[in-house]
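No value in this document is a laboratory result; all are computed from the given coordinates. In this text the structure is predicted, and so the values were computed from the model without any measurement. Here the Cβ positions follow ideal geometry from the backbone for every residue, glycine too, while neighbour counts run over all protein chains shown.
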Amino acid sequence: MIGGFVDKHLDSLDDAAIAWVERLLEENDVDIMAWVIGTAPCPDAYRGPLFDAMQRLDYLTIAR
């Protein structure tokens, strides 16, 4: 999930956004997924435009 997000948005991420992603990577993958899909509340430290973009899930390819 995070890899797909970074792959799509890397060219537009500034230093602050990269630091945000690096902090997020320290969290448990299961927690991140729950926050993104909305089954658990996202901590305030991660709320904002980057998290909103991550919740759109438009960076994931779903094979059908």
Original post:
Among Asp29, Asp14, Asp52, whose mean-square fluctuation peaks in a Gaussian network model of the chain (Cα, cutoff 10 Å)?
Top reply: Asp14
Subject >> Formal net charge of residues neighbouring Leu60 (Cβ-Cβ distance under 12 Å; K, R +1; D, E -1) >> reply: 0
Subject >> Order of Phe51, Phe5 under a 10 Å beta carbon neighbour criterion, fewest first >> reply: Phe51, Phe5
Subject >> Sparse-neighbourhood loop sites, GluC sites (Glu not before Pro) in the chain - DSSP loop, at most 14 other Cβ within 10 angstrom >> reply: Glu26, Glu27
Original post:
Taking 1 over the mean of 1/r across every pair of different Cα atoms in segment 2-55, what Kirkwood radius in Å do you get?
Top reply: 11.4 Å
Original post:
Helix-derived [θ] at 222 nm for the chain: sum -39500 (n - 2.57) over DSSP H runs of at least 4, divide by residue count, nearest 500?
Top reply: -14500 deg cm²/dmol
Original post:
Of the residues Ala40, Ala16, Ala53, which exhibits the maximal mean-square fluctuation in a Gaussian network model of the chain defined by a 10 Å Cα contact cut-off?
Top reply: Ala16
Subject >> Separation of the Leu60 and Ala16 label points, Cα + 7 Å toward Cβ, nm >> reply: 2.8 nm
